[in-house]
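Taking it in order: structure first as structure tokens, then the write-up.
Bear in mind these aren't lab numbers, they're just calculated from the coordinates by the rules spelled out. Quick caveat: nothing in here was measured; it's all calculated off a predicted structure. Note that we place each Cβ from the backbone using ideal geometry, even for glycine, and neighbour counts take in every protein chain shown.
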Amino acid sequence: MSDFVIQTKEITKIYRMGEVQVQALCGISLNIERGSVTAIMGPSGSGKSTLMNILGCLDRPTTGEYYLDGVNVANMNEDQLAQIRNRKVGFIFQSFNLLARSSALTNVELPLRYSGNSNGHRTEMAKQALEAVGLGERMHHRPNELSGGQQQRVAIARAIINQPSIIMADEPTGNLDSKSGEEIIQLLLGLNERLGTTLIIVTHDPDIAAHTQRIVHIRDGKIQEETP
């Protein structure tokens, strides 16, 4: 098995808006090592979220190749991409994306409903995931009874419930104060350390990026530079 969990070759993405074509990505070639922590940075409109959507199998490139765990997923259909997402990728978003009227436990169980787990098994796995993020005492609370940091912890528990090999976090601290944001980043880094989960963080915050092993800077749909 390759040391790279992600390999892209000359990926482009073109959006058509009526008669106008907008090129969001212009030949991105990127390898990401298994178990690594990578930040993707760039100004608004640089293409970083488009790239993340493709890496997370939420979208397909217009041209180019994308190998996820050695399998070329660039030309897979929607059902195939959904299966890959459910098995291999966990998502964390800036806006938490929790069901407002459901408990933390029910929110975390959601991905398991699509993977054929029994009710009892789902509940037990969700409890373990919430305990792993330090919310064992709050699992029956609804989102409006939780702080922003706690809501993001619920979102992280939901992201890890299927034990994905990759977690993709899009501005995961964007709606949090600096203390809560630091706690969330440390939690994600801890998951990477304990479980070997590959972590990809899209961020505009250099303080967040400084916690990662590698920073990929994107501008105008191209990789501008990488550090280190």
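Side notes on the structure shown:
- Contact order relative to length of segment 2-125, as percent, for alpha carbon pairs under 8 angstrom and 6 or more apart: 23
- Considering only the Cα atoms of the chain, their convex hull presents on average a projected area of 12.9 nm².
- Cα principal axis extents for segment 48-107, largest first, Å: 41, 23, 18
- Residues listed by number, segment 82-100, amide nitrogen under 15 Å from Tyr114 label point at 7 Å toward C-beta: 82-93, 97-99
- Under the Karplus curve 6.51 cos²θ - 1.76 cosθ + 1.60, θ = phi - 60°, whole-Hz ³J(HN,Hα) for segment 15-20, x wherever Gly or Pro sits: 9, 9, 10, x, 8, 9
- Two-decimal Rg/Rh across segment 123-174, once Rg and the Kirkwood Rh are taken from alpha-carbon atoms: 0.96
- Only helices enter this figure: runs of n ≥ 4 DSSP H residues, each worth -39500 (n - 2.57), summed and divided by the residues of the chain, yield -10500 deg cm²/dmol at 222 nm to the nearest 500.
- Approximate spin-label separation His141-Asn175, in nm, with each point projected 7 Å along Cα-to-Cβ: 1.6
- Scattering profile of segment 131-208 at q = 0.28 Å⁻¹ [log10 I(q)/I(0), Debye over alpha-carbon scatterers]: -1.53
- Axis of helix 148-160 versus longest Cα principal axis of the chain: the two differ by about 70°, to the nearest ten degrees.
- When its C-alpha radius of gyration is set against 2.2 N^0.38 Å (N residues), segment 1-42 gives a value of 1.55.
- Using alpha carbons only: equivalent-ellipsoid semi-axes of segment 1-106, gyration tensor based, whole Å: 24, 20, 15
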